[in-house]
Amino acid sequence: MLFRDRADAGRQLAQRLTQFAGRPDVTVLSLTRSSDPVAFEVVETLHPKGNAVWNATVILVADGIGDAADTIAFVREIRREHPRQIIVATPVASNDARYDIALRADQVVCLATPEPFVNVGDWYAEKETELVEWSTA
């Protein structure tokens, strides 16, 4: 599966999460900066009402997961805040990452688990452009 860009992937992912739309107990969090466009589309579709983690359904959104280590660390950290449930949502992940995360999150929503999985960016037609911040002295 190839996504046009991260916004396209986010719109497709959001369609798999519609059961959470408009709920007052749902909070959506982006796992990384590159995941922001994906999470934005999820928020635009779901219109979650939650703004705190405690006793909430937390949807952690990633643009892709090749190695589960960072995501698992994030899940562990969120667990300390006592959410009702943690859902990890991603357009694409390696089979190993999906399995490892499923052992720790309450639910994993993943659109595709292509193999071989080398790089998250490989599954997007439009590659991210590097952001460069210029400063003047």
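Values quoted throughout were computed directly from the atomic coordinates according to the rules given, and no laboratory measurement underlies them. A quick note: this is a predicted structure, and the numbers were derived from the prediction, not measured. Heads up, the Cβs are rebuilt from the backbone with ideal geometry, glycines too, and the neighbour counts pull from every protein chain shown.
Summing charges over neighbours of Gln12, with a neighbour being any other residue whose Cβ is under 15 Å away from its Cβ, gives -2 when K and R count +1 and D and E count -1.
How high is the FRET efficiency between Val118 and Arg23 when r is their beta carbon distance and R₀ equals 35 Å, given to the nearest 0.05?
On the way: r = 36 Å, r/R0 = 1.04.
The calculated FRET efficiency here is 0.45.
Give, in whole angstrom and from largest to smallest, the semi-axes √(5λ) of the equivalent ellipsoid of the stretch 6-123, with λ running over the eigenvalues of the Cα gyration tensor. Show your work: numbers first, answer last.
On the way: eigenvalues 90, 55, 24 Å².
For the stretch 6-123, the ellipsoid semi-axes come out as 21, 17, 11 Å.
Scanning the chain for chymotrypsin sites (Phe, Trp or Tyr not before Pro) that sit in a DSSP loop and have at most 13 other Cβ atoms within 10 Å, the longest stretch containing none of them is 55-133.
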